[in-house]
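A short worksheet on the structure shown next.
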Amino acid sequence: MVGPGTNYPTLVVATDGKIVETNDAFTALSGYRAEAVTGRLFQEVIQCGSANRDIASIGTFSGVDLRKASGAQLSLLAVVSPVLDQTLTPYRYIVKLTECQEIPEVAQALAAIESRMEVSEQEQQTFVSSVSHDLRSPVVSIKGFTGELRGLTENFMRQIGASPGLSPESEALLTQYREEMFEAIGFVESSAKRVERLVNLLVVFSKLERIPLNDQRVDMANLIRSIVTSMRHRIGQKECQISMEALFPCLMIDPTVAERIFGNILDNAVKYLDPSRPGSITIKAGENDREVIFSVRDNGIGIAEYNRHKVFMFFRRATDLDIPGDGVGMPLARALLKRYRGRIWFESQEGRGTTFHVAFPKTLVV
């Protein structure tokens with residue numbers, strides 16, 4: 001679980017407080033080989049205030065002390081991250097240690113990364129805004145001219161059809177040409193409408209950071225139920241059962257934003273159900289020490305390993321099947337979550353289903 005490439009001294013701790021794994025960086029820092037600390041209580045190796053303090057009660061960032069094998073004492077910063085099982089219950093804790101004198105360097109590096117990310121996001125939004133603006137004009141022109149072309153074709157065909165002396169063969173050929181021409185015009189019109197819809201979505205994405213939020217107390221159980229109710233026809237067509245487990249918190253959030261996030265996730269869950277078996281979608285809520293976490297699990301077709309990188313990419317589809325969609329639901333959900341410092345991730349098994357997890361900071365709970 002630690003992995004050989006982990007640079008920071010790291011311990012993996014079970015829920016009973018016993019150390020189950022360490023990495024080479026911890027051995028180099030402490031002087032203790034893995035077998036010397038594995039099976040011992042975390043508090044016996046790392047001092048974090050009270051000797052009886054449970055691993056689950058330690059804060060995400062905590063000052064701790066380590067007595068090295070040589071007898072020297074070190075003051076460290078411990079970053080504690082829970083590892084959750086499918087029921088959102090911690091079953092392991094990953095503890096990464098940083099020497100206090102390195103903290104300013106780490107903070108400086110993080111600040112530089114955040115600054116570069118902000119610049120990159122601003123450039124991306126500027127580019128998207130410019131492209132969407134430039135695409136709108138030709139799309140409007142295409143729609144306008146195909147409308148005129150449809151009208152001209154209709155008049156032309158009507159005049160030819162009214163000409164005297166047309167043979168039955170000529171009338172049949174005229175009917176065939178008319179159908180083919182209107183079919184071609186229809187393809188152009190439907191393609192123009194799809195491009196227009198995608199351009200409009202690009203405009204929405206480019207303005208996400210500037211859209212004012214109307215935060216208010218939102219009962220998340222009621223909100224999710226209302227989304228499910230609005231989808232009841234599609235859910236019925238899929239013969240799908242939807243269940244909501246556990247208690248759902250109330251959040252201080254813009255209800256429109258929350259509805260878009262969970263609407264997109266539930267829309268995908270229904271859309272990608274396996275037609276060969278009855279559909280099942282389970283919605284849960286849980287928490288860790290700093291977040292409330294919502295999970296939407298389906299028994300759908302799942303996502304192939306080679307398609308997983310596409311899930312949060314705009315206009316990409318994480319399936320090889322011909323299923324309707326624009327490929328913007330998940331990227332839009334992630335962008336909206338960033339407004340609240342939230343995060344989204346997923347687990348999937350091809351042929352068995354997918355679970356999407358959505359986490360909000362606990363500071364939003366009311």
> Could we say that Thr355 is farther than 16 Å from Tyr272 by Cβ, β-branched (Val, Ile, Thr) and either part of a loop (DSSP other than H, G, I, E, B) or open to solvent by 20 Å² or more (accessible area, probe 1.4 Å) (or both) here?
Replying inline: no
>> Please determine whether any residue of the range 124-139 is at pLDDT below 75, surrounded by 10 or more Cβ atoms within 10 Å (Cβ to Cβ), over 30 Å from Lys193 (Cβ atoms) and among the aliphatic types (A, V, I, L, M).
In response: no
> When the range 84-99 is examined, which residues are found to be of a type outside the set (S, T, N, Q) and either over 18 Å from Ala359 (Cβ atoms) or surrounded by 13 or more Cβ atoms within 10 Å (Cβ to Cβ) (or both)?
Replying inline: Leu84, Leu88, Pro90, Arg92, Tyr93, Ile94, Val95, Lys96, Leu97, Glu99
> Just one of Ala269, Ala258 is in contact with a Gly (Cβ under 8 Å, 6 or more places away or on another chain), open to solvent by less than 30 Å² (accessible area, probe 1.4 Å) and at pLDDT 90 or above; which is it?
Replying inline: Ala269
> Is it the case that some residue within the range 277-293 is basic (Lys, Arg), assigned to a loop (DSSP other than H, G, I, E, B) and open to solvent by 10 Å² or more (accessible area, probe 1.4 Å)?
Replying inline: yes
>> For the range 329-339, give me the residue count where each residue is open to solvent by 20 Å² or more (accessible area, probe 1.4 Å), touching a strand residue (DSSP E or B) at 6+ places or on another chain (Cβ under 6 Å) and either touching a residue at least 40 places away in the same chain (Cβ under 8 Å) or over 12 Å from Val358 (Cα atoms) (or both).
In response: 0
>> Looking at the range 242-301 only, could you name the residues that are of a type in the set (Phe, Trp, Tyr) and within 14 Å of Arg352 (Cα to Cα)?
In response: Tyr272
> So which residues in the range 153-180 are in a helix (DSSP H, G or I) and open to solvent by less than 80 Å² (accessible area, probe 1.4 Å)?
Replying inline: Thr153, Glu154, Asn155, Met157, Ile160, Gly161, Ser170, Ala172, Leu173, Leu174, Thr175
> From the residues in the range 2-56 that are aromatic (Phe, Trp, Tyr) and either in contact with a Cys (Cβ under 9 Å, 6 or more places away or on another chain) or in a helix (DSSP H, G or I) (or both), which one is modelled with the lowest pLDDT?
Replying inline: Phe42
> Filter the range 189-221 for residues that are assigned to a helix (DSSP H, G or I) and in contact with a strand residue (DSSP E or B) (Cβ under 9 Å, 6 or more places away or on another chain); which is nearest to Asp134 (Cα to Cα)?
Replying inline: Met220
> When the residues of the range 304-337 are filtered to those that are under 16 Å from Ala269 (Cβ atoms) and more than 14 Å from the chain's Cα centre (by Cα), which remaining residue is modelled with the highest pLDDT?
Replying inline: Thr319
>> Just the residues that are of a type outside the set (A, V, I, L, M, F, W, C) and either under 19 Å from Pro249 (Cα atoms) or touching a residue at least 40 places away in the same chain (Cβ under 8 Å) (or both), please, taken from the range 288-314.
In response: Asn288, Asp289, Arg290, Glu291, Ser295, Arg297, Asp298, Asn299, Gly300, Gly302, Glu305, Arg308
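The values are calculated or read from the model by the stated rules, or taken from the named source; none is laboratory data. All figures in this text were calculated on a predicted structure; none of them were measured in a lab. Reconstructed Cβ throughout: ideal geometry from the backbone, glycine too, with neighbour counts over all protein chains shown. The area values use the complete protein model at the heavy-atom level, side chains included, leaving out ligands, DNA and RNA. Shrake-Rupley method; radii C 1.70, N 1.55, O 1.52, S 1.80 Å.
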